[in-house]
Each structure stands twice: as structure tokens, then as C-alpha cells.
Amino acid sequence: MNKKEFLSTIFKPDNFSNDDLETILDQFQEHHFKKNENLFRLGYTASHYYFMESGFARSYVVDLDGNNVTSKFFTAGDIVIDWHSFFLKKPTKETTQALSDIKCWKIKFEDFMKLFHIEAFREVGRTRLVQNYFELKHHSVSMVTDEAKDRYLELMKDKPELIHNVPLKHIATYLGITDTSLSRIRKELANSGL
């Protein structure tokens, strides 16, 4: 897809004047990451964010025992941003890594601020922020209240493309379980026809 085709799926043309849409699209630059490259590094202060057109990425932290724990996955159409770092200019507490080759559209903070006078642009940003908050809240509550199998089934429903395209060890840490437990859950589901 070209820039206009892809970004028009995010900034719906019906919601913007032609001039505003062109102004918005002009601020985004095509960017590519190779598998295993970092989009954001621990301790880095984010000066930009990305809309992913294709590929897979994850954010992760290293816990106190030195274990690498996935905190979020990103797929096509997602915004890859460290909200805290981008807006408050604080160092990131996570690393965001490409799990495949990625094509995305990048905007710098300065260019983002140039667009803030466009009401519909602000609304898209507000909606994305609220969605991100609810996803994070839901995941944190689910880690306490739901069985691992149910968390896995929900991930399969919400982001089925992850299951066949990212290492299972990352999915296991995202679900808060071991690789062995995930293998057992997958075997049980396969035996039951799911």
C-alpha cells in the first residue's frame, strides 16, 4: 500500500477535510525495521511513534529475576508508541522489538504537535489512547482473574495472526505462564477440536 491508502484506513477521509488529510499525511514518513531490530530501547526517550502497516512487534521488560516478559504485541494497523515517554519525555521502561520485518509510518513529536490544531486528528489520538488504556487494564485484570487457557483463547480471538507468526515463548510470557504450560493448553485445545 502507499502512504495515502494505508493512513486513510486510520484517518478516515470522511472525518477530515481534504486539506487537513493532506496535511496529516505529509507528516508521516515510511520506515522499515528488520526482524529483531528495536523500535524503542529501554531507557530511550521516544521522539516519535509509528503506525504499523505490516509485520509483528512486541514490547517487553526484564523482571527482577532476569526473565524476558512480553507486555504487549503489535500487528498491522496498531500504533506503536510509548505514551509515557512520548508525551512526558521520560525514558522508556520497556524495549519494543520487531518480531518480523516491519513496514510502518513514522511521525516525529514536533510534526505531531503541528497537527494538534485539527480537531479530528486530536479525536483519533484520544480514541487510540483510551483503547490502549482499556486493553492494558483488561490484560492486567485478566492475569489475576482468568485461567491461562481462557487468556490464550482470547488472544487467539483478538489477534489470531500472532499464534502462527511469533515465537510461542513470547506468547507464554505475555500470558504469564511457562512454555510447557502453553504447550499443554495448545494440546488440550487441539484434542478438543479448537
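The values are calculated or read from the model by the stated rules, or taken from the named source; none is laboratory data. Just so it is clear, the model here is predicted, and its values are computed rather than measured. Positions of Cβ are backbone-derived with ideal geometry, glycine not excepted, and every protein chain shown enters the neighbour counts.
Quick one: how many residues across the range 156-174 are within 22 Å of Val62 (Cα to Cα), free of Cβ contacts under 8 Å to residues at least 60 places away in the same chain and either in contact with a strand residue (DSSP E or B) (Cβ under 9 Å, 6 or more places away or on another chain) or not aliphatic (A, V, I, L, M) (or both)?
The qualifying residues number 2.
Among the residues of the range 64-92, write down those that are free of Cβ contacts under 8 Å to residues at least 12 places away in the same chain and either in a loop (DSSP other than H, G, I, E, B) or not assigned by TED's automatic domain parsing to the domain that holds Lys106 (or both).
Leu64, Asp65, Gly66
If I ask for residues that are within 22 Å of Thr9 (Cα to Cα), acidic (Asp, Glu) and either part of a loop (DSSP other than H, G, I, E, B) or in the same structural domain as His170 (by TED's automatic domain parsing) (or both), which ones from the range 93-118 would you list?
The answer is Asp101, and nothing else.
Report whether or not Val61 is within 25 Å of Ala172 (Cβ to Cβ), free of Cβ contacts under 8 Å to residues at least 40 places away in the same chain and outside any helix (DSSP H, G or I).
yes
Take the conditions more than 18 Å from the chain's Cα centre (by Cα) and surrounded by 13 or more Cβ atoms within 10 Å (Cβ to Cβ) and apply them to Phe116. Does it pass?
no
Within the range 142-151, is there a residue that is in contact (Cβ under 8 Å) with a residue 40 or more places away in the chain and either within 30 Å of Phe112 (Cβ to Cβ) or among the basic types (Lys, Arg) (or both)?
Within the range 142-151, one or more residues are in contact (Cβ under 8 Å) with a residue 40 or more places away in the chain and either within 30 Å of Phe112 (Cβ to Cβ) or among the basic types (Lys, Arg) (or both).
Of the residues Phe6, Phe87, which single one is surrounded by fewer than 17 Cβ atoms within 10 Å (Cβ to Cβ) and at pLDDT below 95?
On inspection, the qualifying residue turns out to be Phe87.
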